[in-house]
Amino acid sequence: MSYHRVALRWLQAAARNLQVFDFDDTLVSSTGSVSVKKADGEAITMDSATFAHFKPADGDELDFGAFNDVISPRIIKKNMDRLKASLAQPDTKVVILTARSKGAETSVAKFLDSLGIKGVQVVGLASSDPEDKAKWIDSAIETEHAEQMDFFDDSSANAAAVAAQRSEEHLASEPGPDPEGVPDRVLRVRAGTP
């Protein structure tokens, strides 16, 4: 599994940092599932890793009911430690941006609270489309007047969609540390215009 960090920097007046983390397979592994009822009546159930690559067709009905709870979570320590360190940084807003539905926001927040983690905004998109994450992040950057944004996600498609919001001349890729045997690639977008 590879983890991606996308750092986006802008030349704006406010000194505001935005730290955005995916939840499933980035901060925790869990046993929740998403059900899909296809237009032809076929029913499919998939885990978070499979759902991350799923492209719904017209007429597909998504059911996040079983995915609203955080079931049997296993913390991915390296990234959970990054989230905790982000909360300690001044002028930093920390957000969990998940493909889970809005209904999961409360259970994710309760899970964090059970770990003593407070002050994290949880946003459920109810979508596995990488463009939805990129659009949300682009909007948050504007709203928060972010000078720097770091994005942590296990999906290379999500990282690429976020990075694509900026011009290629501002991209650089570098390998990151691998203390737990978890590969980590860093994509950076330096200050500049989209």
If a residue counts only when it is of a type in the set (Phe, Trp, Tyr), crowded, with 16+ Cβ neighbours inside 10 Å and touching a Leu at 6+ places or on another chain (Cβ under 8 Å), which strands (runs of 3 or more DSSP E) contained entirely in the stretch 75-156 have at least 1 such residues? 148-153
Restricting to the stretch 27-44, count the residues that are at pLDDT 80 or above and within 16 Å of Arg74 (Cβ to Cβ). 5
Looking at the structure I just gave you, is Asp47 modelled with pLDDT under 90, open to solvent by 50 Å² or more (accessible area, probe 1.4 Å) and touching a Lys or Arg at 6+ places or on another chain (Cβ under 9 Å)? no
The lone condition Trp10 fails out of (1) more than 17 Å from the chain's Cα centre (by Cα); (2) modelled with pLDDT of 80 or more; (3) farther than 18 Å from Ala157 by Cβ is (2)
Tell me, please, whether a residue that is modelled with pLDDT under 85, under 16 Å from the mean Cα position of the chain (by Cα), in a helix (DSSP H, G or I) and buried (at least 16 other Cβ atoms within 10 Å of the Cβ) can be found in the stretch 162-185. yes
Looking at the stretch 19-50, which of its residues are among the β-branched types (Val, Ile, Thr) and either more than 13 Å from the chain's Cα centre (by Cα) or under 15 Å from Phe67 (Cα atoms) (or both)? Val28, Thr31, Val34, Val36, Ile44, Thr45, Thr50
Restricting to the stretch 77-123, name every residue that is among the basic types (Lys, Arg) and either farther than 25 Å from Lys135 by Cα or out of contact with any Phe, Trp or Tyr (no Cβ under 8 Å at 6 or more places or on another chain) (or both). Lys77, Lys78, Lys84, Lys93, Lys102, Lys110, Lys118
Check whether at least one residue in the stretch 116-137 is of a type in the set (Ser, Thr, Tyr), more than 13 Å from the chain's Cα centre (by Cα) and over 15 Å from Thr26 (Cβ atoms), and report yes or no. no
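The values are calculated or read from the model by the stated rules, or taken from the named source; none is laboratory data. No experiment lies behind these values; they were computed from the predicted model shown. Glycine gets a Cβ as well: all are built from the backbone with ideal geometry, and neighbour counts include every protein chain shown. To get the accessible areas, we keep the full protein, side chains included, count just its heavy atoms, and leave off ligands, DNA and RNA. Shrake-Rupley method; radii C 1.70, N 1.55, O 1.52, S 1.80 Å.
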